[in-house]
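**Student:** One structure coming up, written as C-alpha cells, with questions to follow.
Coordinate-derived values only; no laboratory data. These numbers come from a predicted model, not from an experiment. Here the Cβ is made from the backbone with ideal geometry for all residues, glycine too, and neighbour counts use every protein chain on show.
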Amino acid sequence: MAANYQPQSKEEELDLADLLILCWRHRYWLVGFPLAAVALAFIVVQILPVRYTASATLLFSPAASAAAAANVVKSDGIVDKLAGDQALMASYGVSGTEDARRAALKGALAVSVTRDGMVQVSVDSVDPKAAAGLANAVAEAGREQLLEAGVTPEGKLLRQLEIRRRLTVNKLSQAESALRVSAQDIPEDKRAVLRQEAALLALLETRSLEEGNMSSTVLPNTAALQGGGVKEQLWRRLFFYQESLRLLDGDIALIRASLKTDFGVASYATVSSEKSSPKAAKILALSGIAGLFFAFLSVFLKVSWQRLCGELRAKLA
C-alpha cells in the first residue's frame with residue numbers, strides 16, 4: 001500500500017508543478033485577457049446612458065388577490081390609456097407616435113408584488129424626474145383601474161351598479177323625450193303627488209333588486225307606473241327614473257368612498273439621485289472573470305493543440 005501511495009503523491013506534485021509552470025509561461029495571456037476585457041467593459045460603461053428607477057407602492061384590500069391586483073395594474077389598458085395622452089407622455093420626455101410611446105412605457109414599466117403583499121410599480125428612465133412622474137402616473141391609473149376591476153366583492157357590486165346606472169340614464173332620456181313629444185302638462189300639486197309616488201316606487205324597486213339579484217342588468221317595467229291616465233304615466237315614469245338615478249348615484253358614491261380606503265397609493269415615487277444602471281462595479285467584475293475564463297480556455301486549447309500535433313508527428317515519424 002505504501003509503495004502505491006508514494007508515486008501517486010509525486011505524480012500529483014508533478015501535475016501541480018507543471019500547472020504552475022504552464023501558468024507562468026502563459027502569464028501574459030492570463031493577465032492580458034482579463035485586463036483587455038475590463039478595459040473594454042469600462043469603455044462600454046462610459047458609453048451607456050445612466051438610468052434611474054423610481055418606485056411607487058399600491059395598497060389594496062385584503063379581499064383582493066395580490067397577483068390579480070398586479071395583473072390589473074400592468075394590464076394593457078393602463079399602458080394604452082397613458083400612452084394615448086400625448087401631453088402627459090411628452091412632459092416626461094416620451095415622444096413619438098402612440099405605438100412608440102406605448103412600447104417605451106411597456107419597456108420601462110415593471111410591476112411586482114412585495115414581501116408585504118403590496119403591489120410595487122417601478123419605472124426605469126434616463127431622467128430621474130421622468131421615472132418618478134411616470135411611476136406615480138401608473139400607480140394612480142392602477143388605483144382607478146382596481147376600483148373598477150371587480151377584484152373584490154365591493155368592486156363587483158360597483159360594476160353592477162354602474163351598469164344599472166347606464167340603463168337608468170337611457171330610460172330617463174326616453175321618458176324625457178316622450179314627455180316633450182306629447183307636451184303633456186299637469187298642475188304642480190299633482191306633480192308633487194306623482195313625485196312622491198315615484199320616489200317610493202324607486203326606493204322599493206332599488207332595494208328589492210339589491211336584496212334579490214344584484215347582477216340584474218334590466219330594470220323591470222313596474223306595473224305601478226302604468227296607473228292613471230297617459231299624462232300621469234309619463235310624469236310618474238319621469239320622476240321614477242330621476243329618483244332611481246339619484247339613489248344609484250348615492251350608492252355608487254358610498255361604495256367608491258369605501259373602495260378608496262381599500263385601494264390607495266401607500267407611497268409615491270420620489271426623485272432619486274442613485275442610478276440603477278449601468279452597475280459599473282458589477283459589470284467590470286464580471287468582465288474580469290469572463291476574461292480570465294477565456295484566458296484559461298485559450299491556454300488549454302493551445303497546449304492541447306501542441307500536444308496533439310506532437311503526437312501526430314511522433315506517429316508519422
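**Student:** Of Lys81/Lys260; Lys279/Lys302; Lys81/Lys156; Lys74/Lys260; Lys106/Lys156; Lys74/Lys129, which pairs sit farther than 26 Å apart, going by alpha carbon to alpha carbon?
**Tutor:** Violating the 26 Å limit, Cα to Cα: Lys279/Lys302; Lys106/Lys156.
**Student:** List the residues, sorted by chain then number, that are 5 or more residues from Ala266 or on another chain and whose placed amide H is less than 5 Å from its amide H.
**Tutor:** The list, which skips near neighbours in sequence, is Thr57, Leu58, Leu59.
**Student:** Go through the range 24-33 residue by residue and turn each phi into a ³J(HN,Hα) via Karplus (6.51, -1.76, 1.60, θ = phi - 60°); whole Hz please, and just put x for glycine and proline.
**Tutor:** 5, 5, 10, 4, 5, 5, 5, 9, x, 4
**Student:** Under 12 Å from a label point 7 Å along Cα→Cβ of Leu16: give me every residue in the range 280-308 with its amide N that close.
**Tutor:** Counting backbone N atoms under 12 Å from the label point, the list is empty.
**Student:** Can you spot the aspartates and glutamates whose alpha carbon is less than 13 Å from Lys275's alpha carbon? Ignore those fewer than 8 places along the same chain.
**Tutor:** Reachable aspartates and glutamates: Asp124, Asp127.
**Student:** Any lysines with Cα under 19 Å of the Lys190 Cα? List them, leaving off those in the same chain fewer than 8 positions away.
**Tutor:** Lys190 reaches Lys231.
**Student:** Here is a further query. Given H placed 1.01 Å from N in the peptide plane, which residues other than close sequence neighbours of Asp127 have an amide H under 5 Å from its amide H?
**Tutor:** Close amide H contacts, sequence-distant or interchain: Tyr52.
**Student:** Another one. What's the exposure ranking of Ser298, Ser182, Ser244, going from fewest to most Cβ atoms within 10 Å?
**Tutor:** By the 10 Å Cβ count, ascending: Ser182, Ser298, Ser244.
**Student:** Here's another thing I want to ask about it. Could you give me the ³J(HN,Hα) list for the range 124-135, computed from phi with Karplus coefficients 6.51, -1.76, 1.60 and θ = phi - 60°, whole Hz, x at Gly and Pro?
**Tutor:** In residue order, the calculated couplings are 10, 7, 6, 10, x, 5, 5, 4, 5, x, 5, 4 Hz.
**Student:** Fewest first, what order do Ser75, Ser267 take by the number of other Cβ atoms within 10 Å?
**Tutor:** Sorted ascending by nearby Cβ count, the order is Ser267, Ser75.
**Student:** Among Leu194, Leu316, which comes first, then next, by fewest other beta-carbon atoms within 10 Å?
**Tutor:** Arranged by neighbour count, lowest to highest, Leu194, Leu316 become Leu316, Leu194.
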